[in-house]
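Okay, so here's the structure we're looking at.
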Amino acid sequence: MERYDATVIGAGHAGCEAALCLARMGFNTLLATMNLDAVAMMPCNPAIGGTAKGHLVREVDALGGEMGRAIDDVFIQSRMLNTGKGPAVYSLRAQADKKAYQSRMRRALDEQDRLTLRQAEVKDIIVENGRVKGVETMTGCMIESPVVIVCTGVYLDSSIIIGPCSWQGGPQGLMSSRNLGMSLRNLGFELRRFKTGTPARLDGRTIDFSKMIAQPGDEKITPFSFMTAGELKNRAMCYLTYTTEETHDIIRKNLHLAPMYSGKIHGTGARYCPSIEDKVVKFADKERHPIFIEPEGLYTVEWYAQGLSTSMPEDVQRMIYHSVPGLENAQLVRLAYAIEYDCIDPTRLKATLGCADIEGLYFAGQINGTSGYEEAAAQGILAGLNAGMWLKGGDEIILTRADAYIGVLADDLVTKGVDEPYRMMTSRAEYRLLLRQDNADLRLTETGFRAGLARCERYEKMLEKKANTQLAIDMIHSKRLAARLQMPQVRIEDLFVSVPGLENIPSDALEQAEISVKYEGYLKRQQSQIEQFRRAEDMKMPADMDYLSMDTLRIEARQKLARLRPASLGEASRIPGVSPGDIQVLMIALERHRRN
Ligand SMILES: Cc1cc2nc3c(=O)[nH]c(=O)nc-3n(C[C@H](O)[C@H](O)[C@H](O)COP(=O)(O)OP(=O)(O)OC[C@H]3O[C@@H](n4cnc5c(N)ncnc54)[C@H](O)[C@@H]3O)c2cc1C
């Protein structure tokens with residue numbers, strides 16, 4: 001029987017990060033995936049990043065992951081979003097050449113020592129006495145492995161829906177995974193049915209761009225990776241158009257044919273990626289909806305119509321698209337569709353994304369009920385890091401809500417669970433003033449380095465930035481110019497004359513210094529909130545606490561606590577249905593437990 005230290009199932013955005021992470025930490029890793037031509041495939045929007053998603057990509061990069069460097073190598077247009085607001089919500093978004101992104105990620109996998117990439121469908125996860133033993137593939141090949149990371153995305157018993165038609169299948173004409181779901185059920189996992197959808201792909205030669213508004217990229221481009229150097233250039237344009245009253249009429253007249261409204265679709269869809277029919281129904285007061293026309297790559301005629309996701313019948317799709325200015329004669333080279341798929345209930349996992357009651361088993365990506373390339377990559381690296389630390393016999397790596405967006409993501413999944421596809425948003429991060437995309441390296445690179453993932457070069461670069469930032473702050477304070485910099489219209493460059501030598505500080509450290517001084521008051525307040533949060537996180541709940549017999553707790557709280565077994569008082573306080581009154585009861589119980 002073949003043996004690997006770790007087996008990762010699925011080479012999507014989660015699986016690629018998890019497998020690279022484990023191999024870079026020194027473990028012989030097998031990455032088994034159904035189709036090698038679908039490695040790091042982007043079945044939906046041709047972009048990486050966006051609001052809050054950009055933060056996740058930078059955090060993955062800061063830990064030593066691959067997504068940030070890959071997109072910097074193949075992006076075709078880049079924009080920093082939300083620059084009209086504060087730096088806490090600045091978010092990078094880069095258009096990707098999809099094929100180039102896949103080849104770039106495949107190259108990283110192929111060139112990685114200790115990583116074996118194989119085309120194989122895993123049908124069973126072998127568990128004995130509460131520990132993972134390995135996997136079995138569709139061809140009966142048994143692979144021994146103390147660690148298994150499940151990253152099967154949208155493929156578990158997935159089915160495609162277009163109008164009255166539906167069939168078992170994965171995205172973009174690929175196969176669905178039909179056996180692993182049963183294996184997970186046999187291991188006691190509750191599977192739920194989720195749904196997502198994608199717009200049609202259009203032949204760019206049949207689009208009239210003169211009827212649209214060009215959306216150029218930024219002049220000065222900020223890379224995703226803290227390791228990317230040199231000047232970056234945009235190589236493509238995006239366009240903006242809008243739906244019309246005619247579009248909305250077509251949809252209203254054919255709503256009975258929409259699978260979402262005819263009852264053909266049962267899966268729960270993503271609130272924040274609604275189909276066009278959903279938008280027309282739910283936002284009926286809106287006269288028009290924006291549609292972004294984005295290139296799928298530099299060497300393809302295919303264009304993506306962001307905002308026109310639908311599962312309407314083919315003929316209705318054509319009517320909808322042809323009613324949009326600029327798309328009157330557009331060729332739909334791939335139809336829009338909805339996909340339903342199974343995913344697990346992530347409250348069965350710990351904040352490491354490891355399974356609470358099966359050692360060595362981890363889950364990452366859309367299988368956990370999230371939606372998005374970035375959310376998947378973030379979970380992949382977290383699961384990879386923790387599986388690696390477990391194999392080393394080291395400490396778990398828990399990223400809390402005060403450390404990272406990745407921590408917010410993991411905590412939301414395992415404490416609150418999901419009842420619809422979970423998308424990251426800045427509003428989910430209560431400590432977002434400190435969890436900015438610009439300081440992800442200062443927050444996380446040390447963790448990646450200590451775990452053996454982030455390289456020395458990256459670690460030293462971060463230390464240099466940290467030292468330069470402090471030097472710049474000290475220089476400004478030594479000249480008593482902090483208050484001046486706190487004036488809204490003043491930028492750090494305006495102090496160069498009054499602070500000799502400040503102009504020599506590298507721009508990334510100047511940016512940090514400016515934010516630290518300008519928002520000093522807010523940041524201090526947030527820091528004290530974080531200290532309070534950490535105190536609650538440090539109050540560990542005993543693993544054997546008998547919640548069901550605690551009659552001073554409300555019944556709902558007893559049941560939820562007994563099922564979810566929170567690691568800390570802080571985690572307990574975030575479980576839906578556990579009230580502040582219940583937390584008081586737990587604090588008394590904890591004190592009594594400590595004394596006994
Ligand atoms: C139609 C569609 C629309 C989408 N729309 C959006 C959107 O609007 N917004 C958004 O944020 N995200 C959207 N997404 C989601 C986005 O694509 C996913 O979130 C992301 O790709 C998830 O990454 P992942 O690594 O978890 O899984 P995936 O990228 O799905 O990769 C899973 C991998 O696992 C492999 N695999 C599956 N089962 C097995 C098995 N048994 N054995 C071996 N290999 C296996 C597959 O071949 C695949 O390579 C959409 C996805 C689809 C398909």
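Below, the figures for the structure above:
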quantity	calculated
Count of residues meeting criterion [touching a Pro at 6+ places or on another chain (Cβ under 9 Å) and either within 16 Å of the ligand (Cβ to nearest atom) or among the polar types (S, T, N, Q) (or both)] in the stretch 354-366	2
Qualifying residue in the stretch 295-304 (condition: of a type in the set (A, V, I, L, M) and surrounded by fewer than 19 Cβ atoms within 10 Å (Cβ to Cβ))	yes
Residues (open to solvent by less than 40 Å² (accessible area, probe 1.4 Å), touching an Asp or Glu at 6+ places or on another chain (Cβ under 6 Å), under 20 Å from R192 (Cα atoms) and not small (G, A, S)) located in the stretch 110-163	L156, D157
Index of the failed condition, I265 passing every other in (1) assigned to a helix (DSSP H, G or I); (2) at pLDDT below 95; (3) within 16 Å of the ligand (Cβ to nearest atom)	(1)
Lone unmet requirement of (1) of a type outside the set (V, I, T); (2) away from the ligand (no atom under 16 Å from the Cβ); (3) open to solvent by less than 10 Å² (accessible area, probe 1.4 Å) for E375	(2)
Matching entry among G12, G54, G49 (being touching a residue at least 40 places away in the same chain (Cβ under 8 Å), surrounded by 24 or more Cβ atoms within 10 Å (Cβ to Cβ) and within 7 Å of the ligand (Cβ to nearest atom))	G12
Condition check for Q102: over 22 Å from M424 (Cα atoms) and within 12 Å of the ligand (Cβ to nearest atom)	yes
Qualifying position, being within 15 Å of the ligand (Cβ to nearest atom) and of a type outside the set (V, I, T), among A336, A351	A336
Some residue of the stretch 442-451 being crowded, with 21+ Cβ neighbours inside 10 Å and either within 27 Å of R192 (Cβ to Cβ) or at pLDDT below 95 (or both)	no
The listed residue being over 22 Å from P46 (Cα atoms) and more than 28 Å from the chain's Cα centre (by Cα), out of R205, R252	R252
Hits in the stretch 499-514 (condition: at pLDDT 95 or above and farther than 18 Å from E464 by Cβ)	V499
Residue match in the stretch 409-416 (condition: modelled with pLDDT of 95 or more, in contact with a Phe, Trp or Tyr (Cβ under 6 Å, 6 or more places away or on another chain) and surrounded by 15 or more Cβ atoms within 10 Å (Cβ to Cβ))	no
Residue match in the stretch 75-90 (condition: under 20 Å from L298 (Cβ atoms), open to solvent by 10 Å² or more (accessible area, probe 1.4 Å) and of a type in the set (F, W, Y))	yes
Members of the stretch 235-262 that are open to solvent by less than 60 Å² (accessible area, probe 1.4 Å), among the polar types (S, T, N, Q) and not in a strand (DSSP E or B)	T243, T244, T247, N254
Options L332, L353, L349, L382; residue that is touching a Ser or Thr at 6+ places or on another chain (Cβ under 8 Å), surrounded by 19 or more Cβ atoms within 10 Å (Cβ to Cβ) and under 29 Å from G170 (Cα atoms)	L382
Wholly within the stretch 1-57, strands (runs of 3 or more DSSP E) carrying at least 3 residues that are closer than 30 Å to S427 by Cα	47-49
The listed residue being closer than 24 Å to A336 by Cα, open to solvent by less than 10 Å² (accessible area, probe 1.4 Å) and out of contact with any strand residue (DSSP E or B) (no Cβ under 6 Å at 6 or more places or on another chain), out of V39, V60	V39
Matching option when the condition is polar (S, T, N, Q) and out of contact with any Ser or Thr (no Cβ under 6 Å at 6 or more places or on another chain), among S323, S311	S311
Selection count where residues are surrounded by 15 or more Cβ atoms within 10 Å (Cβ to Cβ), without any contact (Cβ under 8 Å) to a residue 40 or more places away in the chain and farther than 30 Å from L298 by Cα, scope the stretch 263-283	5
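Let's see how each residue does on (1) among the hydrophobic types (A, V, I, L, M, F, W, C); (2) within 19 Å of the chain's Cα centre (by Cα); (3) more than 30 Å from Y272 (Cβ to Cβ):
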{"residue": "V408", "(1), (2), (3)": "yes, yes, no"}
{"residue": "V414", "(1), (2), (3)": "yes, yes, no"}
{"residue": "V418", "(1), (2), (3)": "yes, yes, no"}
{"residue": "P421", "(1), (2), (3)": "no, yes, no"}
{"residue": "A451", "(1), (2), (3)": "yes, no, yes"}
{"residue": "E457", "(1), (2), (3)": "no, no, yes"}
{"residue": "L463", "(1), (2), (3)": "yes, no, yes"}
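The values are calculated or read from the model by the stated rules, or taken from the named source; none is laboratory data. As the structure is a prediction and not an experimental result, all values here were calculated from the model. Reconstructed Cβ throughout: ideal geometry from the backbone, glycine too, with neighbour counts over all protein chains shown. All accessible areas refer to the heavy atoms of the entire protein, side chains included, with ligands and DNA or RNA removed. Shrake-Rupley method; radii C 1.70, N 1.55, O 1.52, S 1.80 Å.
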